[in-house]
Amino acid sequence: MTSYASDPAWADIEPLPQDDGGPHPLAAIAYKDEYSEAMSYLRAVMAKNEMSERVLGLTERIIGMNPAHYTVWLYRSRVLAALSYDLRTELAWLNPTALKHLKNYQIWHHRQTIVDALDSADGEQAFIAGMMEQDAKNYHVWSYRQWLVKRFALWDAGELEIVEAMLQHDVRNNSAWNHRYFLVFGRDDGVVVEQKTIDREIEYAKETIRKAPQNQAPWNYVRGVLRYAKLSPASLKEFAAGFAPVERPEDIKSSHALDLLAEIYAQEQGKSEEAVRVLDLLAEKYDPIRANYWNFRKSQLGSASAAA
Amino acid sequence: MATPQAPSQSPSARLQELLTTSQRIEELSDSEGFEDAMEPASAQAPPSFPKLQMFTSPLRDELVTDSSAIEAETLDDILPFLEDNPYDFELNSFGVPKLQRAQHVAFLRRALGNYPAQFAAMDAARPWLLYWSLQGLTCLGEDVSEYRERVTYTFSAAQHPMGGFGGGHGQLPHLAGSYAAVLSLVIVGGKEAYDMIDRKAMWHYLGNMKQPDGGFTMAPGGEEDVRGAFCAMVILTLLNLPLDLPPTSPAKIKGDETFLTKLPEWISRCQTFEGGIGAAPTNEAHGGYAFCALGCLALIGSPKEMLHKHLDVPALLSWLASRQTQPEGGFQGRTNKLVDGCYSHWVGGCWGIVEAAVQGSNDGVGARLWRREDLVRYILACCQGQKGGLRDKPGKHPDAYHTCYNLAGLSAAQHRYVYDYEKSTGAAAAPLSAAFNWTVADVVEEEGKIWDEDDTVNIIHPVFVVPWGQAEAVRKYFEEKA
Ligand SMILES: [Zn+2]
């Protein structure tokens, strides 16, 4: 790589070397010359607030050496905006970088800035799908996906189908469950959640629970749906009891079913003995690591705030 | 997780990635063939802590998916450390590996030293390296005052003229870097360290991060999440800055008055249908963000008042309790994710605040809500690296981030934090003084004490995550200066 110092295109810039504050800074990094020099030029152009093509080239080079440098990304965004740079070109450059650094959240934030300015979600869902094939639970990608859905009102643009396919593949992917809840109950476009939608979601969760009753994700989901719809958990009593026949403890299939049963009994008049029995089963046999928590739930029986 | 930097986020991930290159070769050659070389731990363990106390659930679904497959694989890596003592660590009187204090101290002192060129990716996270190392060292009982001068000038280069700290010289200010810098300066303490912070500029910078919806962005034009809210409120509290918004704040321009305007409501919106708390409204519940949210509320008011007012506490309790994995005993960050040593703090640290919120309900102070002993065993048996430093889990390499937060989690398990509601005087109290009413109690054998005196780490402040007394000292300094 040619150095900036010998490049006539940069002759007008006086590089600003790194000030370490003192003779023995802590956690000092012995940068490669190439990196140090590029950063010295970046500091210099930032001090002048220069917005130019050559600064884009400089930020690209630094990102290539250190994609985790938020300053470079943020400054690049500002330059792109100032130059009214072609954002499609920027996205095309960004794609392979994002794939290479999956966990880097600066890249996702940068992407959000660009797509927002582009005012178009074209190709984004497909791009995200590609990323999720490699990491189906990446927090930044899911956050970005939520932002995209809200920003471009993609509520009915195939998102639910994608989530369904992902859950079909892995019923335990809690990020996908969270996205499903967001799509169905988190709409901010004024669409009212109808009773039939609530029924459909409860049915979907039940169906998924049947495939793997010890998977907590759909249990959390269905309880969330009930809370949203202000329905009593008692409506699931029979369903939960199917996976937690208290009379035949050897046939119990799910600690989450027991948990729900305990909650239902706790809210039922005169059923606190049953609740105690279920919580004891959890504490003693089916979920002993949480014995303290189950015992705490016992201690709360009968008090108004007992419903967990 | 990330902390203020959420676990899944860059510095930790970067550090993990980075620390591998140089250390992988060493570690691999050390751990191979340990099974036959070592005497099983059980042979030496006194009967007071028999292996059968390792809880397993009798319930397991047959359906195999990606999540269950990786979980099973991970358990295969972890089990030898729960059942045996592959590194042949000396055991404590409960049959659990002792805290390898000297090795961890050496590891963290090295983490404050110089890094080779391939660590350039840590360039923006240097304030974190300082914070993790200094916090970890003090947790282990080390005196870090020898670093005071170097910490002070290292951060003087990272302080931005417009307020706040970046990762280093010429970098834009960032709330994560500002948080790590302020905490590091608070840990080493002293007038020079305190006075190097440009408080007025910091106040302006924080004002610029405050958004009209109540939350905070991490950087100008950066992402808005609950880390931002927590970091900003920690800094405001410690530096005793005015609660009024500066005139340039985007929230102020929209008519909001103070840093607190709509903030608890915004945090409330981050609680999800699962009961846990996500990075921002509608995001998935996550241990790292949950700690930031609870910490933020506990800065504004007492845990009892704030949590019951702004969160569904029973749902939160249920979610939090679910994060302890069995048989490992450590914490996972999200539903159906893997156990990871850094959540020893992110989730473990939530417990102190939540316990304080339910303290006194029915069964009195000190309700046992989680199993301290299982977390301690996970940390001591599974997360201690063979040559010092602590890690995510067996098979991963120790790094400063996981060392700091495993130790903080160990502290959360070994001490019981109690909120002194007598001391808090409601509306008459000074603003942002709620976090200065904590006291500490010992954890006794019935509460799961499976550690000896020399396995015990120091107490830390349950909200600020700095050594006990240091937060009070800096606050007092700036109160007197006002
Ligand atoms: Zn971790």
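The values are calculated or read from the model by the stated rules, or taken from the named source; none is laboratory data. No experiment lies behind these values; they were computed from the predicted model shown. Neighbour counts are summed over all protein chains in view; Cβ atoms, including those assigned to glycine, are modelled from backbone coordinates with ideal geometry. Note: areas computed on protein heavy atoms with side chains; ligands, DNA, RNA excluded. Shrake-Rupley method; radii C 1.70, N 1.55, O 1.52, S 1.80 Å.
What are the equivalent ellipsoid semi-axes of the protein assembly as shown, built from the alpha-carbon gyration tensor (square roots of five times its eigenvalues), in whole angstrom, biggest first?
40, 31, 27
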For chains B and A, what's the summed buried accessible area, probe 1.4 Å, to the nearest 100 square angstrom?
7100
Please compute the per residue accessible area over the protein assembly as shown with all protein chains in place, 1.4 Å probe, rounded to a whole number of Å².
36
Using a 1.4 angstrom probe on protein heavy atoms only, which residues from segment B:364-404 are buried by at least 50 Å² of accessible area when all chains are present rather than their own chain alone?
B:Leu369
Please determine, in degrees from 0 to 90 and to the nearest 10, the orientation of helix A:87-100 with respect to the longest principal axis defined by the Cα atoms of chain A, where the helix direction is its Cα long axis.
60
Using a simple spin-label model with points 7 Å from Cα along the Cα→Cβ vector, what separation in nm is obtained for B:Glu149 and A:Trp93?
4.5
Could you derive backbone 3J(HN,Hα) for segment B:275-280 from the dihedral phi with the Karplus parameters 6.51, -1.76 and 1.60 (θ = phi - 60°), listing whole Hz in sequence and x where the residue is Gly or Pro?
x, x, 10, x, 5, 7
note: segment A:163-308, Cα-Cα separations exceeding 21 Å make up a percent value of 46
Translational diffusion coefficient of segment A:1-85 at 20 °C, 1.002 mPa s, Stokes-Einstein with Kirkwood Rh over Cα pairs, in µm²/s as a whole number.
157
So, in Å, what gap is there between the alpha-carbon centers of segment B:90-124 and segment A:153-199?
44
Using per-residue counts of other Cβ atoms within 10 Å, averaged over each peptide, order B:389-399, B:235-245, B:110-120 from highest down.
B:389-399, B:235-245, B:110-120
Treat each spin label as a single point 7 Å out from the Cα along the C-beta direction, and report the B:Ser57 to B:Ala117 distance in nm.
5.0
Can you tell me the 0 to 90 degree angle between the C-alpha axis of helix B:226-238 and the longest principal axis of chain B, rounded to 10?
70
Please sort by residue number the GluC sites (Glu not before Pro) in segment A:215-271 whose DSSP state is loop and whose Cβ has at most 15 other Cβ atoms within 10 Å.
A:Glu247, A:Glu268
Take the Cα gyration tensor of segment A:181-231, multiply each eigenvalue by 5, square-root it, and list the three semi-axes largest first, rounded to whole angstrom.
21, 10, 9
Let me know the whole percent of all Cα-Cα pairs from chain A that are separated by more than 24 Å.
66
What the Cα atoms of chain B span along the principal axes, largest first and in whole Å, is 68, 55, 43
Normalised radius of gyration for segment A:195-268, please: alpha carbon Rg relative to 2.2 N^0.38 Å, two decimal places.
1.04
Could you give the angle, 0 to 90 degrees to the nearest 10, between helix A:216-229's Cα long axis and the longest principal axis of the Cα atoms of chain A?
80
Taking the simple approach of a point 7 Å from Cα along Cα-to-Cβ for both A:Ser120 and A:Ser272, what is their distance in nm?
6.5
Name the long-range amide H neighbours of B:Thr258: under 5 Å, sequence gap of 5 or more, or other chain; modelled H, no Pro or chain starts.
B:Leu245
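Given 0.36 nm per residue, what is the gain on full extension from A:Asp12 to A:Glu50 after removing their alpha carbon distance, in nm? Please list the in-between numbers first.
Values: separation 38, 0.36 × 38 = 13.68 nm, distance 1.21 nm.
Additional length available on full extension: 12.5 nm.
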Take every Cα-Cα pair in segment B:195-275 and report what % of them are more than 15 Å apart.
53
Cα-based Rg of segment A:236-307 normalised by 2.2 N^0.38 Å, two decimals
0.99
